[in-house]
Structure formats: structure tokens, C-alpha cells
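What follows is a single structure, written as C-alpha cells, with notes after it.
Values quoted throughout were computed directly from the atomic coordinates according to the rules given, and no laboratory measurement underlies them. Every value quoted in this text rests on a predicted model; they were computed, and no experiment measured them. Note that each Cβ is placed from the backbone with ideal geometry, even for glycine, and that neighbours are counted across all protein chains shown.
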């Protein structure tokens, strides 16, 4: 068992960032959840997370309009597992309304601009 932080990445393309996270946070426990069912399983497992990084809007045509980062936040709340959340966002288009709502949520501790890439 690792002693570092426990991180949940809730994103349709979570596996894209996974190698970078594992390399840069070698002592961390990183769990990737790429759809709603995987997020629900991850949150309700015995493991509690220190932080959740979630796409504000998911880059997946199938779920893009039916599941998003605000739904991830709802899953955390329903499960009574309050966890700091960092949303990854482009910050334009349809995401603007979501972004306005997201920054007002008490669990949200940050917004990461996807355009910055994973190294910043």
C-alpha cells in the first residue's frame, strides 16, 4: 500500500493523463474513472480520496451532455464523502455556464485550464 496522496481522476480521457500522474506522483494512489459507473464505484469503495480531479465537461460524445463534472460532485455529496475537487476545463463555449456554477461550490478548490497541458 502506498503512503502518498490518494487521487481520483474522473474524466472520459483519464488514461491519457494517467502515465504522467503516475510518473510525477510515484508515491500516490491514482485511480482513473472514465464513466459514470466507474466514478460511482470509485467513490463508494472503501478507499477515500484526498482530491478528485474531474473534467468539467467530458470529451466523450456519448456522455458529454448527460454526465459532467458537476455530476461527479453530486456523487461525492450523495456518498457523504466530501473531497476537495479540482475541475479541469477549457473555459469556453458550453463550458462557461458550468464553470460559473462550479466555482461557487464549496468543495471546488481549483480550476485547471486544460490548455496549459499536464506539466503546469
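Observations on the model:
- In this simple spin-label model, placing a label point 7 Å from the Cα along the Cα-to-Cβ direction at both residue 111 and residue 74 gives a separation of 2.1 nm.
- The range 6-116, relative contact order in percent, only Cα pairs under 8 angstrom and at least six apart counted: 25
- Mean-square fluctuations from a GNM of the chain, with a 10 angstrom spring cutoff on Cα atoms, peak among 96, 80, 46 at 46.
- Build a GNM of the chain with springs between Cα atoms under 10 Å apart, and of 53, 108, 72 the one that fluctuates most is 108.
- Spread of Cα-to-Cα distances over 5 Å intervals beginning at zero, given as percent, for the range 6-116: 2, 12, 25, 27, 21, 10, 2, 0
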